[in-house]
Each structure stands twice: as structure tokens, then as C-alpha cells.
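The values are calculated or read from the model by the stated rules, or taken from the named source; none is laboratory data. Nothing here was measured: the structure is a model prediction, and the numbers come from that model. Quick reminder, even Gly has a Cβ in these numbers, built from the backbone with ideal geometry, and neighbours come from all protein chains shown. All accessible areas refer to the heavy atoms of the entire protein, side chains included, with ligands and DNA or RNA removed. Shrake-Rupley method; radii C 1.70, N 1.55, O 1.52, S 1.80 Å.
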Amino acid sequence: MSIPTSRAAAPLRVSATRVSGRLPDFPWDTLAGAKATAQSHPDGIVDLSVGTPVDPVPELIRNALADASGFPGYPTTVGTTELREAAAESLTRRHGVTNLDQSGILPVIGTKEAIAGLASTFGLGPGDDVVIPEVAYPTYEVSALLAGARAIRADSTVALGPMNPALMFINSPSNPTGKVLGVDHLRKVVGWARERGTVVVSDECYLGLSWEGEPLSILDPRVCDGDHTGLLAVHSLSKISNLASYRAGFFAGDAELIAELLAVRKHAGFMLPFPIQAAMTAALRDDAHADEQRERYAARRRTLLAAVEAAGFRVDHSEAGLYLWATRDEPCRDTVAWLAERGILCAPGDFYGPAGEKHVRMALTGTDERIAAAAARLAG
């Protein structure tokens, strides 16, 4: 009996076209050395790098999750009517948004996933331009790269010249800088984008955490005159309600854009679990817990800001959000190393683009005890 001659296996076709090849190295992997140094501090690490919530999930939200946990069927991608109504009402009540109802709301499985897939979901690809801020949350660039589109960094429409981008990401309050865009700037962006047919996606995940000035939603009538055409706002409950582990977020805005996203996401099976939808509904209907959490962060900010400035740092922007955007006017990796020697871990500014190479991002999300420890170490 003859034995078939073995043949070399053909290369897997997916190996030749790996999407990961389009993407930058995962930035957090580069902090391993600094993290090890900070962990060796006798009093332990103060980790102010990622910005993950550390405070308890409010009881009313946990109760809503538990009460909905017996539901055995599939959830819907569009979400419950109660959730969509609660989201629309919260934006009106908390942030002055008008002309928004449930048709302009779509829940998502965490805003990072939703942002990363947005350019692809809208059908963008090679030949399309996606504008992102000069210093930006990395997932905006990832969204463009996953779609095969080109990411363009710009903070002003003047810098874009005659360009007609398909999509523009803006972020106010900014992660990482905490900068707040004023009403005149936002109005100019909306007008410029509408002249070109550009969709504007406004990441507003930190809108409820302002310390100086008044951040505005892109859907605020002072910005868009009550017309949401071509506009999407991105909202998250991760920070203000401590729901990072729940992956609780939503899109709001142009009902036609929402309908398109829904049509694609239904096919892809992007369904937010039913108990999470119930928990989100409870969170969005209650303002007291959000106000309490905001005050916790305000107190931590006062402590850390005073210590950072007393240690010789300059803090730029940082008028809102969960971070201090700090600098010693040196390469950011040198600052990361200096802080790590004192047991403090922060994020280097180059994570967020070349323009951030002399800053570090310090999160306010340590416990009261860890923030106090950081302040003491900075005092030296």
C-alpha cells in the first residue's frame, strides 16, 4: 500500500494580510519596566496610569443588575425602550441637549469597542481620511487603521485646508489633556463639517467631570442649533458611575446615523447583555450617585494637583476629566522613570501622539489613601 507523499502546507491566507500589521504596538506593554520599578517601592505602587475606577458600584445599580439577571432570552442590539429613553432624558437633564429621543440612542458594549469599529461600520476604507486630535485617545487612530483609512492629526479646521474627510473625531473634555473646547470652536467645527459632508463624532465620556468652565455636548443647541444632522456623541458610564467592568456606553445623535450603525451591529451580534441594560437604565435615571462620585474625584484632584505643582511640574489644561496633564519640560519617558522611582506609575504623553512627548498623564482614580501616598512621595 502506497503512502501519499506529504506536501508542504500552503501558507494561511490570513497570515499574509493580518490586520494587526496595520496597528501600532500596544502602548501599555511599554510600561512594564517602569511598573516593576514602582512596584518595588516599600509602600507599594501608586498606579495612576490607566485611570480605572476604584470606588464601589452604587447599590442601586447593582440591585438593578441583580433584578434583571433572571432574564433567559437574547437581548436586542437596539436596547430596551427604557434604556434608550433614560439615556436621552439624562442628556437633556444633565447636559442641556434638546430634540433628542430614543431614536437617537444606541447602546454599545463599551465605548472603546464602538469607537474602534466606527470607521469600518460606516464603510470607510483606503482613500478615506479620518481626522483625530493632535493629542488623542489612541483608539481614534485605531478606528481609521482597522478600516484601512488614513488618520490625520489636526486641532483646527484651518490646518486641514481644502480636505474633505469622511469622519472627524473630537474629544471634549479631552483624554488625556483635560482640555475643554469652547462653544465658538465647536460651532465652527459643526459648520465646517456640514459644508463637506463630514460626520463629527464627539467623545464626551468625561462631560460630567468638569472642574473649571463648562464643557458642552456637540448636541447642545448652543453648538448645533438643535439640529443633530451628521453628529454623534459618545457617552460612557465607566467613570461617573464606576461601571468600567460593565462595558456600559452609548451613541447619541443623528437618528439616521444611529439607524445605520444599528443595521450593521445587528448582523454582527453586538448585543449589550440584558442585565447590563437594566443597570445602565438605573444609573442614567439617578443623578445623586454621579454627583457623589464627582465630589470624590474633585477632592482627589485638589490633593494631587497641589502636590504635583509643589514638586515642580507644570499642569496644562486639565480643567475637566480624570487626569492631570503634567510636564517637567523633559522627554516624557524620563518623567515616567522619575515618578516610578518614587513608586508612582503614570502614562507617558507619547501614548497619545508626538505632540504629547513632553507630558505625562496622571489619573485621579487612585483611592483616597493612594492619592495621599502619591502626594507625600512627591513632597519627598
task = Enter the mean projected area of the convex hull around the alpha-carbon atoms of the chain, in nm², rounded to one decimal.
result = 24.5
request  = May I ask you to list the residues of the stretch 146-179 whose amide nitrogen lies under 12 Å from a point 7 Å from Cα along the Cα→beta-carbon direction of Val264?
outcome  = 146-149, 167
query = Using modelled amide H (1.01 Å from N, peptide plane; none on Pro or chain starts), what sits under 5 Å from the amide H of Ile170, excluding residues fewer than 5 places away?
reply = Val201, Ser202, Asp203
query = Under 20 Å Cα-Cα from Lys358, which lysines qualify once same-chain neighbours fewer than 8 residues away are excluded?
reply = Lys35, Lys179
task = Determine the percent antiparallel among the DSSP beta bridges restricted to the chain, to the nearest 5.
result = 55
Cross-link partners of Lys266 among lysines (Cα-Cα below 21 Å; sequence separation of 8 or more within a chain) = Lys112
task = Name the long-range amide H neighbours of Tyr137: under 5 Å, sequence gap of 5 or more, or other chain; modelled H, no Pro or chain starts.
result = Asn175
remark   = Residue-ordered couplings for the stretch 217-224, obtained by feeding phi - 60° into the Karplus form 6.51 cos²θ - 1.76 cosθ + 1.60 and rounding to whole Hz (Gly and Pro as x), are 6, 4, 8, 5, x, 5, 9, 10
note = Hull surface over four for the Cα convex hull of the stretch 87-203, reported in nm², is 7.6
Phi to ³J(HN,Hα) by Karplus 6.51 cos²θ - 1.76 cosθ + 1.60 over the stretch 110-119, Hz, x for Gly, Pro = x, 6, 5, 4, 5, 5, 4, x, 5, 4
query = In whole angstrom, and with the biggest value first, how far do the Cα coordinates of the stretch 197-244 range along each principal axis?
reply = 35, 23, 14
ask   = Hey, what's the chain come to in accessible area per residue, 1.4 Å probe, Å²?
value = 45
query = Beyond 23 Å, what percent of the Cα pairs of the stretch 59-285 remain?
reply = 44
From phi via Karplus (6.51, -1.76, 1.60), per-residue ³J(HN,Hα) for the stretch 262-274 in Hz, x at Gly/Pro = 4, 4, 6, 5, 4, 5, 7, x, 7, 10, 6, x, 4
query = Non-local amide H neighbours of Val46 (under 5 Å, H modeled in plane, Pro and chain starts lacking H): which ones?
reply = Ile344, Leu345
Virtual spin-label span in nm between Val19 and Glu82, 7 Å along Cα→Cβ = 3.4
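For the chain, give the percent of accessible area contributed by carbon and sulfur heavy atoms, probe 1.4 Å, rounded to a whole number. All intermediate terms of the calculation are to be shown ahead of the outcome.
Numbers: 9000 of 16970 Å².
On the chain, the fraction of accessible area on carbon and sulfur atoms equals 53 percent.
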request  = Express the relative contact order of the stretch 340-380 as a whole percentage, based on alpha carbon pairs under 8 Å and six or more residues apart in sequence.
outcome  = 33
query = Looking at the stretch 59-285, what % of its DSSP beta bridges pair antiparallel, to the nearest 5?
reply = 40
message = Let me test this: with uniform point scatterers at the alpha carbons of the stretch 232-298, what is the Debye-based log₁₀ I(q)/I(0) at q = 0.11, 0.13, 0.16, 0.22 1/Å?
response = -0.32, -0.44, -0.64, -1.02
